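Visitor: The structure follows.
The values are calculated or read from the model by the stated rules, or taken from the named source; none is laboratory data. Nothing here was measured: the structure is a model prediction, and the numbers come from that model. Every residue, glycine as well, gets a Cβ built from its backbone with ideal geometry; the counts of neighbours run over all protein chains shown. Note: areas computed on protein heavy atoms with side chains; ligands, DNA, RNA excluded. Shrake-Rupley method; radii C 1.70, N 1.55, O 1.52, S 1.80 Å.
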Amino acid sequence: MNNDRTPLVAANWKMNGDRAMARQLVNALVECVNGGCSAELVVFPPAILVDSVVAAAASCVGVGLQNVSQHSSGAFTGELSVGMAAEAGCRWSLVGHSERRALYGETDLQVAAKFVALQAGGLNPVLCVGETLEQREAGHTEQVVAAQLAAVVQLAGVSAVAAAVIAYEPVWAIGTGVTASPDQAQAVHKFIRQQLGEQGQTTRILYGGSVNASNAKALFSQPDIDGGLVGGASLDAQEFINVVNAAER
Ligand code: PEP
């Protein structure tokens, strides 16, 4: 696993795209990497597009699932295992995205079990944490983020969490066009690093929530922000490449 805090920019396509779009977008990213871009790039397409994305990505761009099962096989209709993801060429997976937590009722415990299954199967988890607007306004941001992290630390151990990539994604900033200010984001990133103690010094912590080409530079230049997890703005090749360029050190 790469823990030298090389900037990482990841694209979460959510349930968007088709084969033609996937090919075109990933070709543009491969060109960006071949052109000397120094950030690491990872794409999280809908699972059904993984094959075409892996084929287009060669080894320049990482590919991952948006969600995996914590189980390795069995009667879990509609689910995908870590082994299946690995066989399809995925090296990554999101885990605990707020849409999975809110829309599909994923609990901290399930998130922790998925995290453990991913690392056991040799995949890199991007662990998503973040508070709702209500929680922020009540002054509970740190408490919420600490509890989400603690559930995973309890099951996986602090070294395992510190070796993963963490994405701080305030729920109120996801897909809303409202982004956390660089200071707000930096404060939570610093807090997350502190929660992981000494080992957190090398953890890559990404910011996610309405990142685009205009706000990326200010966010990515904060000392504890190591790149971004980008939804909407990752669906347009040029916009996403501009975000990637903002992450270069
Ligand atoms: C996301 O889905 O993780 C995300 C950050 O989305 P957006 O950039 O659209 O807010």
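Visitor: If each of E248 and H71 carries a label point 7 Å out from its Cα toward its Cβ, how far apart are those two points in nm?
Guide: 4.7
Visitor: Another question, if that's okay. State the answer as a single residue: which of S210, T179, I48 lies farthest towards the positive end of the charge dipole of the chain, with beta carbon charges of +1 for Lys and Arg and -1 for Asp and Glu, about the Cα centre.
Guide: Projecting each Cα onto the dipole axis, the largest value belongs to I48.
Visitor: Moving on to the next point. What percent do you get for the relative contact order of the range 74-164 when only Cα pairs under 8 Å and 6+ apart count?
Guide: The normalised contact order for the range 74-164 reaches 30 percent.
Visitor: Something else about it: Might you report the magnitude of the Cβ-based charge dipole of the chain about its Cα centre, with Lys and Arg at +1 and Asp and Glu at -1, to the nearest 20 debye?
Guide: So the dipole magnitude of the chain works out to roughly 220 debye.
Visitor: Between A55 and E142, take the C-beta separation as r, use R0 = 45 Å, and let me know the FRET efficiency to the nearest 0.05.
Guide: 0.60
Visitor: Accessible area of the range 8-246 with a 1.4 Å probe: how many percent of it is carbon plus sulfur?
Guide: 53
Visitor: Rounded, prolate or oblate: pick one for the range 1-80, where a ≥ b ≥ c are the square roots of the eigenvalues of its C-alpha gyration tensor, a/c under 1.5 means rounded, and failing that, prolate if a/b is larger than b/c, else oblate.
Guide: Since a/c reaches 1.5 but b/c is at least a/b, the shape of the range 1-80 is classed as oblate.
Visitor: Here's another thing I want to ask about it. Hey, can you find the accessible area per residue of the range 8-246 for me, probe 1.4 Å, expressed in square angstrom?
Guide: 41
Visitor: Tell me which residues come under 5 Å, amide H to amide H, from V126 once H is placed; ignore anything under 5 positions away on its chain.
Guide: S93, L94, V95
Visitor: Kindly provide the chymotrypsin sites (Phe, Trp or Tyr not before Pro) of the range 1-105 that DSSP labels as loop, not H, G, I, E or B, and whose Cβ sees at most 15 other Cβ atoms within 10 Å.
Guide: F76
Visitor: If you take the beta carbon distance between L155 and S214 as r and set R0 to 30 Å, what does 1/(1 + (r/R0)^6) give as a FRET efficiency, to the nearest 0.05?
Guide: 0.20
Visitor: Still on this structure: Pick out, in residue order, every one of the trypsin sites (Lys or Arg not before Pro) in the range 1-42 that is DSSP loop and has at most 15 other C-beta atoms within 10 Å; say none if there are none.
Guide: R5
Visitor: Additional query: Alpha carbon centre of the range 153-180 versus the range 181-200: separation in Å?
Guide: Here the two parts' Cα centres lie 10 Å apart.
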